[in-house]
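Shown next, in structure tokens, is the structure this report addresses.
The values are calculated or read from the model by the stated rules, or taken from the named source; none is laboratory data. Note that the structure is predicted; figures quoted are calculated from it, not measured. Positions of Cβ are backbone-derived with ideal geometry, glycine not excepted, and every protein chain shown enters the neighbour counts.
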Amino acid sequence: MKNTRFIVFVILFLFLGSFIHAQINTNLKRYIRIGELQSYFSSYGAERAWNNVYYEGLSWPSQYLYQDNAVIERFWIACKDFTDNNSVNYPYYGIYFSKGYVNISLFPMEWNQISRCPSPDVYVNGIKRQTGEEEQVDEYDPNLPADRVVINVVNTSMGLTITRKIHAFSHTNHDDYFIKEYTFQNTGNTDYDVEIERTEMLKDIRIGKLPRYSTCREGAANSDNQQV
């Protein structure tokens, strides 16, 4: 009887451990710190620049201070005639990508940054330069098509799984833009686990994105109604 309980406990522990591991920290960010355009990206699929102190993100040219230009990235997905996991039918069903909806309608599954090669160490007068900024690279791939690629996978309560890849380059002629690649797949997975909850088709899907930019944090320092 003791052995039986031990086996059940081990199985339960392994199951819970794999479930917890599948969840990505809501506050997790990955900073791309190469080139003139640098920014961070959030694990839940969209970015809000306000960090409780100032609007952070899309710094360009990033070799200078106070060059942030981001405010927020609005991101919606909607469909018609949707029935949720509780058999409730909605004539229209929509999802908004915001931190407040994580664990409700957004379920971050994967979040990592790949680099083509390690960044070089910089020494000045024999002393290694310390920037105080974490590299945040999870793995290296010499065959990567870009110098950096951030990969983000998010399940939604709609059963539509979003995979986005942000490509960044360090080449002097290509270091001031990001290429964002989105893949939308009706996996039917509406939460963190591997179980497929929905097998129905999604009807009349609409996807909307509306980025909002500022006119640079440096400019805000000279404005009476803006916070640095």
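Do you know which of the residues in the stretch 49-90 that are part of a loop (DSSP other than H, G, I, E, B) and aliphatic (A, V, I, L, M) is nearest to LEU160 (Cα to Cα)?
At the first step, the residues of the stretch 49-90 found to be part of a loop (DSSP other than H, G, I, E, B) are 49, 51-54, 56-58, 60-69, 84-88.
Remaining after also requiring aliphatic (A, V, I, L, M): 49, 53, 58, 65, 88.
Details: ALA49: 25, VAL53: 34, LEU58: 28, LEU65: 39, VAL88: 18 Å.
That would be VAL88.
Output the residues belonging to the stretch 124-149 that are in a loop (DSSP other than H, G, I, E, B), among the β-branched types (Val, Ile, Thr) and at pLDDT 85 or above. Can you show your working first?
So in the stretch 124-149, the residues in a loop (DSSP other than H, G, I, E, B) come out as 125-126, 129-138, 141-147.
Imposing the further condition that a residue be among the β-branched types (Val, Ile, Thr) reduces the set to 131, 137.
Residue satisfying the conditions is VAL137 alone.
Could you grab me the full set of residues in the stretch 91-116 that are surrounded by 13 or more Cβ atoms within 10 Å (Cβ to Cβ), among the aromatic types (Phe, Trp, Tyr), free of Cβ contacts under 8 Å to residues at least 60 places away in the same chain and not in a loop (DSSP other than H, G, I, E, B)?
Answer for the stretch 91-116, where residues must be surrounded by 13 or more Cβ atoms within 10 Å (Cβ to Cβ), among the aromatic types (Phe, Trp, Tyr), free of Cβ contacts under 8 Å to residues at least 60 places away in the same chain and not in a loop (DSSP other than H, G, I, E, B): TYR96, TYR101.
I'd like to know if the stretch 165-172 contains one or more residues that are closer than 20 Å to GLY45 by Cβ and aromatic (Phe, Trp, Tyr). It would help to see each step written out before you state the result.
Narrowing the stretch 165-172 to residues closer than 20 Å to GLY45 by Cβ: 165-168.
Applying the additional criterion that residues be aromatic (Phe, Trp, Tyr) yields none.
For the stretch 165-172, residues closer than 20 Å to GLY45 by Cβ and aromatic (Phe, Trp, Tyr): absent.
Suppose the filter is of a type in the set (S, T, N, Q) and under 23 Å from the mean Cα position of the chain (by Cα); does ASN186 pass it?
Details: of a type in the set (S, T, N, Q): yes; under 23 Å from the mean Cα position of the chain (by Cα): yes.
Here the answer is yes, as ASN186 does meet what is asked.
Take the residues in the stretch 78-123 that are of a type in the set (Asp, Glu) and over 12 Å from the mean Cα position of the chain (by Cα), then tell me which one is modelled with the lowest pLDDT.
At the first step, the residues of the stretch 78-123 found to be of a type in the set (Asp, Glu) are 81, 84, 110, 121.
Still in the list and also over 12 Å from the mean Cα position of the chain (by Cα): 81, 84, 121.
Working: ASP81: 97, ASP84: 94, ASP121: 77.
Filtering the stretch 78-123 for residues that are of a type in the set (Asp, Glu) and over 12 Å from the mean Cα position of the chain (by Cα), the one modelled with the lowest pLDDT comes out as ASP121.
Yes/no matrix, rows are residues, columns are (1) in contact with a helix residue (DSSP H, G or I) (Cβ under 7 Å, 6 or more places away or on another chain); (2) modelled with pLDDT under 95:
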{"position": "ILE7", "(1), (2)": "no, yes"}
{"position": "VAL10", "(1), (2)": "no, yes"}
{"position": "PHE13", "(1), (2)": "no, yes"}
{"position": "LEU16", "(1), (2)": "no, yes"}
{"position": "THR26", "(1), (2)": "yes, yes"}
{"position": "ARG30", "(1), (2)": "no, yes"}
{"position": "SER39", "(1), (2)": "no, no"}
{"position": "TYR54", "(1), (2)": "yes, yes"}
